Amino acid sequence: MKSARTYFFRGAVILGLSCLFLPGAFAQENTLTLTLDKSIDIALGESYSIRNLEEMNIWAAKNLWAAKAAFRTNIDLSLSAPIYNEGFKLIEVVGDNPIAKKYGDYRFNGQLDINQPMPWLPFGGGMLTLRSQGYQMKSWTPSIADPDVDLISKKFYSSISIRLEKPLFTINDLALNLRQAELSYERQSRVFKRSELDLVYQVTQAFYHLYSQIENHKINREKVERQEQIFETTENKFKAGLIAEVEAMQAEVDLIQYRNELKSSDGSLEAAMASFKQLIGIPLDQAIDVETELEIAPVHIDVDKAVGLALQNRSEIVEKKIDIEGQKISVKQIDARVAVKGNVSAYYDLSGFSDPTLPLSSTTEELFQSSWEVLRDTPNRGLTFELEVPLFDWGRNKAQVQAAEAQLRQEELQLSNLYVTIEREVRDVVRNVSQTYDRVQMLKKSNDVSQKSFDISLQRFANGDITSTELDRASEKLNTSKLSYLQAYNEYKLALADLKRKTLYDFENRRSLVEE
């Protein structure tokens with residue numbers, strides 16, 4: 001039987017190893033492993049860019065809601081409780097100098113307006129208002145006949161009226177404001193979708209840049225490991241008298257250089273990780289790792305289909321059409337400044353004062369009842385027609401209209417040029433996808449050959465068939481081959497991502513990126 005001491009020793013060893021690897025296990029659990037799709041999903045929900053765009057969407061939606069609400073009935077109430085005035089005025093006295101006497105009043109006033117916009121009326125819309133008004137006032141003032149006597153009154157005024165304001169021969173501002181809000185909302189929706197795709201491209205670009213930094217760091221570490229092996233072999237050969245001292249010294253210099261490059265890549269990797277975290281919206285202290293498949297499959301792209309999809313789906317075209325319509329509205333507004341304008345104002349008002357002979361002790365209810373009895377018998381009516389005809393402004397407005405029309409033609413020219421630009425961009429990116437795919441395939445084979453060549457060179461160096469200089473050349477060729485393949489792979493993936501955002505179509509998975 002084994003002694004208790006043996007079991008205790010084994011248990012201590014196991015416990016020690018557990019403690020040694022436990023922090024690494026926790027670190028692994030806390031590390032967020034990101035694929036490209038997962039990074040995009042996080043960015044579309046958490047990044048600063050998308051949250052800022054969502055606030056812009058809210059702004060446009062609320063502006064549209066406010067413009068629609070302007071068509072609905074609105075109610076305004078104004079209260080003045082109280083209005084108090086007090087002062088002195090000079091009273092003429094026969095045979096003596098004027099004397100100063102105090103006067104004053106205070107009132108409680110209220111007015112309720114029920115407004116109904118009528119933008120559907122032709123020639124400029126209109127506004128219908130139902131108004132109810134009332135106030136109670138108490139005043140005191142010295143009598144002209146006898147300045148020592150104060151005239152005190154207490155009265156109540158009430159009024160109910162209906163009023164119409166109808167512009168003539170002018171543009172309908174309410175309808176135009178609504179249309180502008182609708183255009184702004186539609187434009188912002190298009191901007192949001194386009195910005196989403198731009199963000200997807202930025203995340204893709206940053207993802208592969210980070211992946212390149214990680215792989216470059218791995219390559220630099222492999223260079224150090226290979227050079228350490230070469231240095232060890234060289235050192236042994238030098239001690240055995242098989243090579244010159246200069247070769248051993250050169251191997252040591254190369255090792256120092258590769259270690260410095262590894263240290264430099266540490267800083268570049270740390271900076272790339274921080275930038276990527278900020279872009280997608282995760283905390284800077286969150287540990288991350290990225291993973292992707294280096295295997296690629298050919299993607300068939302019909303260039304004519306790609307151009308057609310871009311011209312059909314690109315939001316820039318719709319945005320430019322919205323700009324053109326907005327500029328047409330601006331031309332109308334500028335032209336309307338000197339157009340013949342008219343306005344019709346009409347009102348029907350029932351109003352009355354309380355009986356002035358009522359005693360001062362009368363209650364508010366009694367005063368109101370008195371004014372109401374008078375109100376029913378005292379209608380007030382009115383109608384006003386105003387006409388404004390501009391005669392001469394030295395051609396100022398005409399020049400402003402012509403300037404606005406020039407801007408409109410400029411917008412239309414930009415739209416025509418945009419069609420050409422989009423077609424050119426799509427054809428360029430399709431060509432780029434094809435070229436980068438061919439380059440990736442070629443460099444993949446070159447990378448495989450370089451790896452085999454280096455393995456053979458390393459064995460030949462160990463056997464003494466080649467010098468350390470020849471081995472160093474084989475090592476550098478392998479490093480260059482790996483970096484070239486990695487760069488070509490990233491360029492191919494970015495070209496596909498650029499094709500997505502320029503056509504709003506995923507040719508890899510054969511699906512549209514436009515919501516039905």
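The values are calculated or read from the model by the stated rules, or taken from the named source; none is laboratory data. Owing to the predicted nature of the structure, the values given are computational and were not obtained by experimental measurement. For neighbour counting, all protein chains shown are included, and Cβ atoms are generated from backbone atoms with ideal geometry for every residue, glycine included.
Segment 276-393 holds strands (runs of 3 or more DSSP E) entirely within its bounds, and those carrying 2 or more residues that are β-branched (Val, Ile, Thr) and surrounded by 14 or more Cβ atoms within 10 Å (Cβ to Cβ) map to 288-290. Restricting attention to segment 152-199, the residues that are of a type in the set (Ser, Thr, Tyr) and modelled with pLDDT under 75 total 1. So is Ile152 over 30 Å from Ala70 (Cα atoms), in contact with a Phe, Trp or Tyr (Cβ under 8 Å, 6 or more places away or on another chain), part of a strand (DSSP E or B) and touching a residue at least 40 places away in the same chain (Cβ under 8 Å) or not? Yes.
Summed over segment 18-35, the residues that are more than 17 Å from Leu284 (Cβ to Cβ) and at pLDDT 85 or above give a count of 2. Of all residues in segment 119-146, those satisfying the criterion of being in contact (Cβ under 8 Å) with a residue 24 or more places away in the chain, surrounded by fewer than 17 Cβ atoms within 10 Å (Cβ to Cβ) and assigned to a loop (DSSP other than H, G, I, E, B) are Leu121, Phe123, Ile144.
Could you check, for segment 115-131, whether at least one of its residues is under 24 Å from Leu358 (Cβ atoms) and in contact with a strand residue (DSSP E or B) (Cβ under 9 Å, 6 or more places away or on another chain)? No; the residues of segment 115-131 include none that is under 24 Å from Leu358 (Cβ atoms) and in contact with a strand residue (DSSP E or B) (Cβ under 9 Å, 6 or more places away or on another chain). Checking each residue in segment 381-420 for being touching a residue at least 40 places away in the same chain (Cβ under 8 Å) and either of a type in the set (Asp, Glu) or in contact with a Phe, Trp or Tyr (Cβ under 8 Å, 6 or more places away or on another chain) (or both) picks out Glu386, Glu388, Asp393, Glu405, Glu411, Glu412. Has segment 78-98 got any residue that is aromatic (Phe, Trp, Tyr), surrounded by 10 or more Cβ atoms within 10 Å (Cβ to Cβ) and not in a strand (DSSP E or B)? Among the residues of segment 78-98, not one is aromatic (Phe, Trp, Tyr), surrounded by 10 or more Cβ atoms within 10 Å (Cβ to Cβ) and not in a strand (DSSP E or B), which makes the answer no. Among the residues of segment 481-516, the one identified as farther than 18 Å from Ala206 by Cα, in a helix (DSSP H, G or I) and modelled with pLDDT under 85 is Lys482. Exactly one residue among His217, His209 is free of Cβ contacts under 8 Å to residues at least 60 places away in the same chain, under 30 Å from Asp498 (Cβ atoms) and either outside any helix (DSSP H, G or I) or not β-branched (Val, Ile, Thr) (or both), and that residue is His217. Residues being within 30 Å of Ile282 (Cβ to Cβ) and in contact with a helix residue (DSSP H, G or I) (Cβ under 7 Å, 6 or more places away or on another chain) are represented in segment 221-242 by at least one member. Residue count for segment 148-183 under the criterion of being touching a Pro at 6+ places or on another chain (Cβ under 9 Å) and under 30 Å from Pro356 (Cα atoms): the result is 7.
Among the criteria (1) modelled with pLDDT of 75 or more; (2) surrounded by fewer than 16 Cβ atoms within 10 Å (Cβ to Cβ), the one Val149 does not fulfil is (1). Checking the stated criteria, Ile160 turns out not to satisfy the condition of being surrounded by 16 or more Cβ atoms within 10 Å (Cβ to Cβ) and not in a strand (DSSP E or B). Residues that are basic (Lys, Arg) and over 23 Å from Ser481 (Cα atoms) were ranked within segment 211-260; the one that is modelled with the lowest pLDDT is Lys237.
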